[in-house]
Amino acid sequence: MNDPASFRDPAGVVFYEDGVVKRRINACYMPQYRKLIGSGLYRELVAAGMLVPHRELPEESGPEELVIRPLRIPMISYPYEWSFGMLRDAALLTLRIHETALRYGMCLKDASAYNIQFIAGRPLLIDTLSFEVYQEGEPWCAYGQFCRHFLAPLLLMCHTDLRLNQLLRVYLDGIPLDLADRLLNGKGGWTARVHIRWHTRAVQKHGEDVRENCRKRVRLPMSRQIAMIGSLENAVSRLKLREIVTEWGDYYSGTNYSVGAAAGKLECVRKLLTETGAGTVWDFGANDGRYTRLALSTGASLAVAFDMDPVAVERNYNTVRKSGGQILPLLLDLSNPSPSIGFANRERTALPARGTPDCILMLAVIHHLAISNNLPLPRIAEWLGGLTAFLIIEFVPKEDSQVQRLLRNRADVFPGYTQESFEREFSRFFQLRHRIALPESLRTLYLWERRPVPDEK
């Protein structure tokens, strides 16, 4: 089965065979591939942890094409799910790979953010076919794409609003530079003037054929191109987020848990995670990943930490980046999760199509879904029942101070939000394994196991 996101590149296609990811390299790209391997570029990039490694499968290849088996990425993510720091690190990796390739007589032919994935807090280029032979004097053909995919959203997040990376969900080939220029409204300094405004004016003057016009009129010696890449690296590296306060960015400093209650909850969650034996854990409402890290300590090989607050995700990523570990922090609004988008609604897939967790961790979230977002308990239970084998979830009753806070300025139109209703609705899809009254708290922790699907006759 071909990967639905791998149909635009004539150089080759990604496909799956018995659950194994493979890539077919077509005859038209074989000269570039041989240079990538023969020049030593592939070896250097893989050794540095910048490019996905692969092994060749000659027994499955034809006379004019080659099949390779790349390392499988544990969890695919998209730029509109990344924090500021993730997007910045992905941008810097792209520039460093291009600069390295130039030293070997090659260059990056595209600079798509979708070619980057994250493993253990580190970005990795996964497109082995992104390289072409460098022609002396040619400008970098992927420069405009780099600006749309990386520079424009980074400048907008840094100087306008941290949430503007969500524009990447609408513009799959990156944020249009004229739009970025308008939204920046003079902010962004020298970097925006040179790389965003210049490109915008060039397109306005020459039309959409600006790339071809540049190829015809501009000669850029390698030394100048390397200098330009260095300038971009410096500009991206200097982008820093100012202190931003969000509703949930510092959640744990404002909870209603005492020190003893927090420690008790941590230990209860640890025991339940251990009991599930989960290899893959998704943590919904992970905040800074405090409980997500428990999953790794109890034997999980991958934990994905989802939260809707960009500051919380940024903090989590910075922690993962420093300490390592197979944690992937991602932006996710549970009431509006990432959909399947792109051509035929298949290029970028919805969350459930990208993996199946053994266990979902959902602490202090249910009241936000049910009350803040008016999501009925039956719908929440049904959705979770289709996602996971085990569910560790915390029920927060109306008497809890955090729920009272949500109800402070609105009418209580949620008569169905009770612990009795919660247990009844979740029992339709799960079997109860454990119910734990959390110490010094009104909250209850549950471990549910999905009910077996009856055999069809």
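The values are calculated or read from the model by the stated rules, or taken from the named source; none is laboratory data. As the structure is a computational prediction, the values presented were derived from the model and not from experiment. In this analysis, Cβ positions are derived from the backbone assuming ideal geometry, glycine residues included, and neighbour counts consider all displayed protein chains.
Quick notes on this one:
- Single residue of 94, 100 found to be modelled with pLDDT of 95 or more, part of a helix (DSSP H, G or I) and within 20 Å of the chain's Cα centre (by Cα): 94
Rundown of residues vs (1) within 23 Å of residue 99 (Cα to Cα); (2) at pLDDT 95 or above; (3) polar (S, T, N, Q); (4) under 30 Å from the mean Cα position of the chain (by Cα), yes/no style:
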{"residue": "28", "(1), (2), (3), (4)": "no, yes, no, no"}
{"residue": "32", "(1), (2), (3), (4)": "yes, yes, yes, yes"}
{"residue": "43", "(1), (2), (3), (4)": "yes, yes, no, yes"}
{"residue": "50", "(1), (2), (3), (4)": "yes, yes, no, yes"}
{"residue": "55", "(1), (2), (3), (4)": "no, yes, no, yes"}
{"residue": "64", "(1), (2), (3), (4)": "no, no, no, no"}
{"residue": "73", "(1), (2), (3), (4)": "no, yes, no, yes"}
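- Restricting 353, 370 to residues that are under 27 Å from the mean Cα position of the chain (by Cα) and surrounded by 14 or more Cβ atoms within 10 Å (Cβ to Cβ) narrows the list to 370.
- All of (1) in a helix (DSSP H, G or I); (2) under 22 Å from residue 51 (Cβ atoms) hold for residue 117 with one exception: (1).
- Taking segment 57-71 as the range and being part of a loop (DSSP other than H, G, I, E, B), of a type outside the set (Asp, Glu) and surrounded by fewer than 12 Cβ atoms within 10 Å (Cβ to Cβ) as the test, the residues that pass are 62, 63.
- The set of residues in segment 413-445 being over 33 Å from the mean Cα position of the chain (by Cα), hydroxyl-bearing (Ser, Thr, Tyr) and not in a loop (DSSP other than H, G, I, E, B) consists of 421 alone.
- Segment 398-413 residues that are surrounded by fewer than 10 Cβ atoms within 10 Å (Cβ to Cβ), paired with ones that are part of a loop (DSSP other than H, G, I, E, B) (beta carbon under 6 Å, 6 or more apart): 399/442
- Check on residue 78, closer than 25 Å to residue 347 by Cα and in contact with a strand residue (DSSP E or B) (Cβ under 6 Å, 6 or more places away or on another chain): yes
- Qualifying residue in segment 92-105 (condition: over 16 Å from residue 131 (Cα atoms) and of a type in the set (Lys, Arg)): no
- Positions within segment 257-303 being touching a residue at least 40 places away in the same chain (Cβ under 8 Å), among the β-branched types (Val, Ile, Thr) and assigned to a helix (DSSP H, G or I), in sequence order: 269, 276, 292
- Failed criterion for residue 174 (all others in (1) in a helix (DSSP H, G or I); (2) crowded, with 18+ Cβ neighbours inside 10 Å; (3) at pLDDT 90 or above hold): (1)
- Just one residue in the set 296, 330 is closer than 28 Å to residue 19 by Cα and crowded, with 23+ Cβ neighbours inside 10 Å; that residue is 330.
- Residue within segment 160-169 that is closer than 24 Å to residue 108 by Cα, surrounded by 20 or more Cβ atoms within 10 Å (Cβ to Cβ) and over 18 Å from the mean Cα position of the chain (by Cα) present: no
- Residue match in segment 399-412 (condition: touching an Asp or Glu at 6+ places or on another chain (Cβ under 7 Å) and either assigned to a loop (DSSP other than H, G, I, E, B) or within 23 Å of residue 304 (Cβ to Cβ) (or both)): no
- Among residues that are farther than 23 Å from residue 307 by Cβ, out of contact with any Ser or Thr (no Cβ under 7 Å at 6 or more places or on another chain), surrounded by 16 or more Cβ atoms within 10 Å (Cβ to Cβ) and not small (Gly, Ala, Ser), residue 426 is not included.
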